[in-house]
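Accompanying notes for the structure given below.
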Amino acid sequence: MAEKKLKSKKEYCLRFSAIEFIGASVYLAAMGYLSVYLQSTGMESSQIGIIYSLNSLVSICATLFWGVISDKIRSVRKVYMICLLAAAIIWPFIPATIPLKIKGYSLAILTIPLSAFVRMPIGGLTDNWVLQFSNKFGANYGRIRLWGTIGYVALGLVLTAIMPFVGVQATFYIYSGLVLLVFVMALFVGEETLDKGQKQSSSLKDLQLGRIFKNYYLMSYMLFTVIMYCGSEAFLPYLMEEIGMDTNRLGMLYSIRSLLELPILYTAVKLRKRIALPVFILIQGLMYVIMFLSYSCIQGAALFILVTMLQGLASGIDVGLGSAYIFALAPDELKSTAHLMSYAMAYLANMLGSLLGGFIVDLMGVRSYYLVTGLMIGG
């Protein structure tokens, strides 16, 4: 019997690793080149900032909504598959809405954020499902999650290679195809992987959502997340152009820096035993301060790439250790809600950064934006 369970565990680890490999990369297909595409259509940076901020606002509401629904119906898998299918259908139609105008503003100001209701929670739901499986079967979450980083890196390299030939608009259709593939893969992973003690759904009253807000350590981490992620990457193409770099290589840049997540994810379990989590969190915050302050003054492409690598190390800490920290603190019935709330806080920070950043870039330049961001995080 023990041998049969071990074989089942290995089989599920492989299936979840495959889902992470594709599922973690779809964000890059959707958002990695979105700013480049919008900029290529002639859209002003202020409008791009509004789109990214509204996208983050919807993402906040959507992530919290789907997190609560997951806990209520006790199935991350069902919610996950709904979001996958809806996102795959909606996203390819976005380019058609960009030329349409409403009082001088592109209709994309509405359509892109609205699509975020099903599109943006996908990454968090993927990780949440894997975390539940890991907790139930004693699997190494970091070893499974690192395949998401590998997939992200692989897709970044592929996009960098094909962008000159297919154009940036092709990412909309690449995204849809990848999401449909994940949907099919999820069909072969059953509900038995979920760490739920009972199958019936619960009422919102029974969930007692207030327990999350009464948890001092959990809410402190949420506040830290808001501060840490207030710097938006929507304006990196502007900085790259100012330095003299080709924005078509943005995907390669994301891929290279993501490689630095791998050693942290691979050794996450050992690191947790040796070093206290608060220490890692402080190191992560310091990395963001150094990165954004450096963006405000660097000149050469080589130094820009070197500084950007700090993002990879910081993300490794967040994904490999931050998620486990939240799962350990959250009540059993509210793990999905608490975990996805951390994503919502990141979206909130990005919304504020994008909204203010668009106007700062227009008025003072992209370097001033990153200077203000770095000082704000450091303060």
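Numerical summary
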| quantity | calculated |
| --- | --- |
| Computed magnitude of the charge dipole of the chain (debye, nearest 20; Cβ of K, R +1, Cβ of D, E -1) | 1240 |
| Highest to lowest packing among 267-279, 344-356, scored as the average C-beta count within 10 Å | 344-356, 267-279 |
| Potential extension, residue 243-residue 286 segment - 0.36 nm per residue separation minus Cα distance | 13.0 nm |
| Where only C-alpha atoms are counted, convex hull volume of region 108-163 per residue in Å³ | 86 |
| Relative contact order for region 1-149, counting Cα pairs under 8 Å that sit 6 or more residues apart, in percent | 40 |
| Share of carbon and sulfur in the accessible heavy-atom surface of region 62-142 [1.4 Å probe, %] | 74 |
| Mean Cα-pair separation over length for the chain, i.e. relative contact order, pairs under 8 Å, 6 or more apart, % | 30 |
| Region 214-347: relative contact order as a whole-number percent, Cα under 8 Å and 6+ apart | 38 |
| Distant alpha-carbon pairs in the chain (separation over 29 angstrom), percent | 39 |
| Backbone HN-Hα couplings from phi across region 100-109 [Karplus 6.51/-1.76/1.60, Hz, Gly and Pro as x] | 6, 10, 10, 6, x, 9, 5, 4, 4, 4 |
| Probe 1.4 Å, protein heavy atoms only - accessible area per residue of the chain in square angstrom | 43 |
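The values are calculated or read from the model by the stated rules, or taken from the named source; none is laboratory data. Note that the coordinates shown come from a computational prediction; the quantities given were computed from them, not determined experimentally. Reconstructed Cβ throughout: ideal geometry from the backbone, glycine too, with neighbour counts over all protein chains shown. Calculation scope for accessible area: heavy atoms of the full protein, side chains included, ligands and nucleic acids excluded. Shrake-Rupley method; radii C 1.70, N 1.55, O 1.52, S 1.80 Å.
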